[in-house]
Each structure stands twice: as C-alpha cells, then as structure tokens.
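Before any comments, here is the structure.
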Amino acid sequence: MMKQVAKKRLLGNSLKYILLALLAFIVIFPFALGIWTSFLPSMDIAKGTLWGGGQLTLHNYVTAFTQTKILRYLLNSLVIASLVTIAHLFFCSLGAYAFVFLDFKYRDFLFYVVLGTMMLPFEAEVIPNFATVKMLGLLNHYSVMVIPFLTSAFGIFMLRQTFKQIPRDLKEAADVDGLSHWQFYWKVVMPYSKISLCTLAAYSFLGAWNQYLWPMLTTFSDHLRPVQDGLRQLQSEETFNDWGMVQASAAIVVVPTLIVLYIGQHYFKSGLNEGSVK
C-alpha cells in the first residue's frame, strides 16, 4: 500500500516537473533565440539559416552602437526611469505615511478612493493627461514623461500596508522624545521599510523603462526618445533593414532590465510579502 502511494506521488511530481520544464522552455526559447540571432550575419537571418550557417560575430552590436542612436535612447530612458523611481518613492511614501500616522477626517474613505483608481487602466487616462500636459506646454520635454508618474495608487497601498506593521509604540516613543512627523518619517519609518522601498523602486524603474505608448504620444525628437520608442523609430527607418542589428539593439535594451531583476529578485518576494494585507 505504501509503495503504491509512493509511486503515485513520484508520478505526480514527475508530471509536475515536466510541465514546469515545458512552460520554462516556452518562455525562455524566444528570448534565447533572439540573443542567438543577434550574433548571426543579417544575410543568414534573411535566408532563415539560423543553425549551422555563418560564424557568430559581434558586428551587429558594433553597428548598433556606431550607426544608430541607441546610446542616446538608453541615456534618455536611464534619466527618465531614475527620476520616476526617486519621485515615486518619495511621494508614495508620503501618501502612505499620511494614511497611517496622521488622523484627519475621512482618512479611510480617501484611501479607498485612491485605491479605486487602480481599476482605471492607464489607456483611459491618456486623453485627459495629454490635454493637460499640452495646455501646460510640457510636450517634447523630459518632464512630460516624469510628472504623470510621480505617484501611484499601487505604491501608496503597498507602503501603507508596510507602515501599518510598524509598532505603535515606536510612534508613541517618538512623540514623547519630541520628534516631528518629518523626523519620525525619515529616521524610523523609512529605514524600517527598506525592503518594501527597494521592491517599489525596482517596480517603478522597470515600469518607466518599458513605457511605450506615452512617450510615443508626447515626444517628437531623437534627443528625448526613450529606448522602447527609439527602437520603433529605428525600425521605421530605411537604413534599419538589417535584422541582425535589430536583434542586437533589442538585446542591448533588455540588459538593464535583467540587471534590475537580478539585483532586486530577493526584494520583490520579501517586499511583496511585507506589504501584504495584515
């Protein structure tokens, strides 16, 4: 009887791992194929000779760096993503602090109003946001890609749940010692919540880095385009029919994302658990 149970358990685990391996292959294979083709001559890619063709070469990467504006696009995205991340952490943490440590009328109601905006997709906000930034004269400027993303309901919600786990005794002790709200926020709350802050920072950076629709609508010059919109612009140019260079440029754009994910993978899991509902 025990042997039959053990065999069933072994069979179930084997099927589970086979399914997971298959799903992992489906997810990883297109990415690996893109990296592989970035090292192949464009003629081999055009012919469909992806295996056993010409020698691997770095020519596509050299061409991408020297004949395109990919470095400028990378710099633009780095500046925009960094500014959005810093602003996101600051304003979301201030909002979360207010909803936890400040007593004011309709506090919980206002929090649920903020939370309700999470159900509104960004695409539904494009037209009013575009009309607003146009009226303010912010089109084709770095600020147009930063100001609409200074804060978010998700960030406020996540940090609020983290701040609620701070012992109330700490706040009472801070009040006795004469600490102001700003001092308590900076010296106690922020260090206590560093894991959730790192998680939100990685989330904000990746979100800003991968922005496509909004930059496409609000930027009109190569001097300001981020990488996602820059790739689209490069692919629309006649000189960018080199598919090897297309793949190399796409691989270059992915590198910062992989670095952030690698560094922040621990914080993603820990931070989301820390910011969960109590």
Which listed residue, of 17, 61, 73, is farther than 25 Å from residue 233 by Cα and assigned to a helix (DSSP H, G or I): 17
Subset of region 173-225 that is aromatic (Phe, Trp, Tyr) and not in a helix (DSSP H, G or I) - its residue that is farthest from residue 102 (Cα to Cα): 220
Pair list, Cβ under 6 Å, 6 or more apart: region 153-166 residue outside any helix (DSSP H, G or I), other residue of a type in the set (A, V, I, L, M): 164/100
Test: residue in region 130-151 that is touching a residue at least 12 places away in the same chain (Cβ under 8 Å), farther than 16 Å from residue 207 by Cβ and in contact with a Gly (Cβ under 8 Å, 6 or more places away or on another chain): no
Pair list, Cβ under 8 Å, 6 or more apart: region 238-261 residue closer than 12 Å to residue 64 by Cβ and assigned to a loop (DSSP other than H, G, I, E, B), other residue aliphatic (A, V, I, L, M) and at pLDDT below 85: 240/234; 240/246
One residue from 194, 164, 187, 171 being within 23 Å of the chain's Cα centre (by Cα) and over 30 Å from residue 133 (Cβ atoms): 194
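To keep it simple, each residue is scored yes or no on (1) under 30 Å from residue 170 (Cβ atoms); (2) touching a residue at least 24 places away in the same chain (Cβ under 8 Å); (3) basic (Lys, Arg).
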position: 41; (1), (2), (3): no, yes, no
position: 48; (1), (2), (3): no, no, no
position: 56; (1), (2), (3): no, no, no
position: 62; (1), (2), (3): no, no, no
position: 73; (1), (2), (3): no, yes, no
position: 77; (1), (2), (3): no, yes, no
position: 95; (1), (2), (3): yes, yes, no
position: 100; (1), (2), (3): yes, yes, no
Among (1) modelled with pLDDT of 90 or more; (2) within 14 Å of residue 243 (Cα to Cα) - the single one residue 26 does not satisfy: (2)
Counted residues, region 32-56 - those being surrounded by fewer than 13 Cβ atoms within 10 Å (Cβ to Cβ), modelled with pLDDT of 80 or more and more than 25 Å from the chain's Cα centre (by Cα): 1
Residue match in region 245-265 (condition: modelled with pLDDT under 85 and touching a Lys or Arg at 6+ places or on another chain (Cβ under 9 Å)): no
Selection from region 97-130 of residues that are more than 30 Å from residue 166 (Cβ to Cβ) and in a helix (DSSP H, G or I): 122, 123, 124, 125, 126, 127, 128, 129, 130
Residue check, residue 148 surrounded by fewer than 17 Cβ atoms within 10 Å (Cβ to Cβ) and part of a helix (DSSP H, G or I): no
Residue 196, sole failed condition from (1) buried (at least 16 other Cβ atoms within 10 Å of the Cβ); (2) over 30 Å from residue 165 (Cβ atoms); (3) not aromatic (Phe, Trp, Tyr): (2)
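The values are calculated or read from the model by the stated rules, or taken from the named source; none is laboratory data. All values derive from a computational prediction rather than experimental measurement. In this analysis, Cβ positions are derived from the backbone assuming ideal geometry, glycine residues included, and neighbour counts consider all displayed protein chains.
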